[in-house]
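Peer 1: Input: one structure, supplied below.
Derivation of every value follows stated rules applied to the coordinates shown; laboratory data play no part. Keep in mind that what you see is a predicted model, and the values were worked out from it rather than measured. FYI the Cβ positions are ideal-geometry reconstructions off the backbone, even for glycines, and counts take in every protein chain you see.
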Amino acid sequence: MPVPTDLLSALFTQIQNVIDANAEAVTELDQAIGDGDHVYNLQRGLQALQEQIPNLSTLEWQAALQKIGMTLMSTVGGASGSLYGTLFISMSKNLGVRPLDSTSLADIFAAGVESMKQRGKADVGEKTMLDVLIPVAQYLQSHSAQPLNELLPAMESVALQGVEATRDMLATKGRASFLGERSRGCIDAGAQTAQLMLSAIADVLSKESTVGRLG
Ligand code: ADP
Ligand code: MG
């Protein structure tokens, strides 16, 4: 069965809206300890994904996830482009021939985040997007017997805790690590956008019309 295009379109649009609405605030965070291009990088990738929708609509999930990953890899740029590209390409590989449902989604997301850890040579506690993505992946995997829509509120609070935890961390990966001790005291921009994108996804998936549409 090809991917449900209206669901993909709703997801991309909601993610774009949430990133656009928070662009200024996140860019301020990124200017404090990064080079200030993170939001723009993501916006460019999200626009490219919107333009891919006609092509994605003809694909099964495995091929669609691969195409999403390749698109992000080639359009986002920076550390986040290679990391999000890796996430989706790994999710595609790990899905194999299984249908996409709550259980397989939790599995492939965890495998994808594991690939990001290897790609970025980073782990939890290094003040990056992984401080949101690793705990969320763990939460989803340990609750994958429950329907996804029931997990969304708790997933959102796990993500928010991850963002807040980056504030006092010392950055040991990426550009912020060049600042050493001066990287403390400010939330990581990549952790913040990971949380914002997850909350946009949760918003769309929690709507009655999209519940159970993944499979
Ligand atoms: P760049 O740092 O190359 O300019 P972006 O600005 O697009 O790339 O993304 C910066 C974000 O990427 C950081 O806020 C951080 O969350 C994340 N990041 C950077 N390096 C790594 C890494 N090695 N592992 C995981 N995440 C990283
Ligand atoms: Mg940057």
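Peer 1: In deg cm²/dmol, rounded to 500, what helix-only [θ] at 222 nm does the chain give when every DSSP H run of at least 4 residues adds -39500 (n - 2.57) and the total is split over its residues?
Peer 2: One gets -23000 deg cm²/dmol as the mean residue ellipticity at 222 nm.
Peer 1: Identify the residues of the range 5-27 with backbone N under 11 Å of a label point that sits 7 angstrom from the Cα of Gln43 along the Cα-to-Cβ direction, or state none.
Peer 2: Inside the label zone: 19-25, 27.
Peer 1: Here is a further query. R0 = 30 Å: FRET efficiency of Asn17 with Ser82, Cβ-based, nearest 0.05?
Peer 2: 0.75
Peer 1: Tell me, what HN-Hα J-couplings in whole Hz come from the Karplus equation 6.51 cos²θ - 1.76 cosθ + 1.60 at θ = phi - 60° for each residue of the range 97-113, using x for Gly and Pro?
Peer 2: Coupling constants for the range 97-113: 9, 5, x, 8, 9, 4, 6, 5, 5, 4, 5, 6, 5, 5, 5, x, 5 Hz.
Peer 1: So how tilted is helix 189-205 from the main axis of the chain? Cα-based, degrees 0 to 90, rounded to 10.
Peer 2: 20 degrees
Peer 1: What is the ratio of the Cα radius of gyration of the range 70-215 to 2.2 N^0.38 Å, with N the residue count, to two decimals?
Peer 2: It is 1.05.
Peer 1: Once each part is reduced to its C-alpha centroid, what is the distance from the range 48-120 to the range 175-195 in angstrom?
Peer 2: Centre-to-centre (Cα) distance: 25 Å.
Peer 1: Still on this structure, please answer the following. Sticking with the crude label model, points 7 Å out along Cα→Cβ, report the distance from Gln141 to Glu114 in nm, one decimal please.
Peer 2: Placing both labels 7 Å along Cα→Cβ, they lie 0.6 nm apart.
Peer 1: Quick one: grab the alpha carbon gyration tensor of the range 129-169, order the square roots of its eigenvalues as a ≥ b ≥ c, and give me rounded if a/c is under 1.5, else prolate or oblate depending on whether a/b is larger than b/c.
Peer 2: prolate
Peer 1: Quick one: which of 7-15, 86-94 comes out on top by average Cβ neighbours within 10 Å, and what's the full order, highest first?
Peer 2: 86-94, 7-15
Peer 1: Under the Karplus relation 6.51 cos²θ - 1.76 cosθ + 1.60, θ = phi - 60°, what is the ordered set of whole-Hz ³J(HN,Hα) values for the range 55-63, x standing for Gly and Pro?
Peer 2: Taking θ as phi minus 60°, the curve returns 6, 5, 5, 8, 9, 6, 4, 4, 6 Hz for the range 55-63.
Peer 1: How high is the FRET efficiency between Glu24 and Leu179 when r is their beta carbon distance and R₀ equals 30 Å, given to the nearest 0.05?
Peer 2: 0.85
Peer 1: In terms of modelled amide H atoms, which long-range or inter-chain residues lie less than 5 Å from the amide H of Leu59?
Peer 2: Val3
Peer 1: Size of the dipole of the range 5-206 about the Cα centre, Lys and Arg at +1 and Asp and Glu at -1 on the beta carbon, nothing else charged, in debye to 20?
Peer 2: The calculation lands at about 620 debye.
Peer 1: Which ³J(HN,Hα) values, rounded to whole Hz and listed in residue order, are derived for the range 149-158 from phi using the Karplus coefficients 6.51, -1.76 and 1.60 in 6.51 cos²θ - 1.76 cosθ + 1.60 with θ = phi - 60°, glycine and proline given as x?
Peer 2: After applying 6.51 cos²θ - 1.76 cosθ + 1.60, I find 5, 6, 8, 4, x, 5, 4, 5, 6, 4 Hz.
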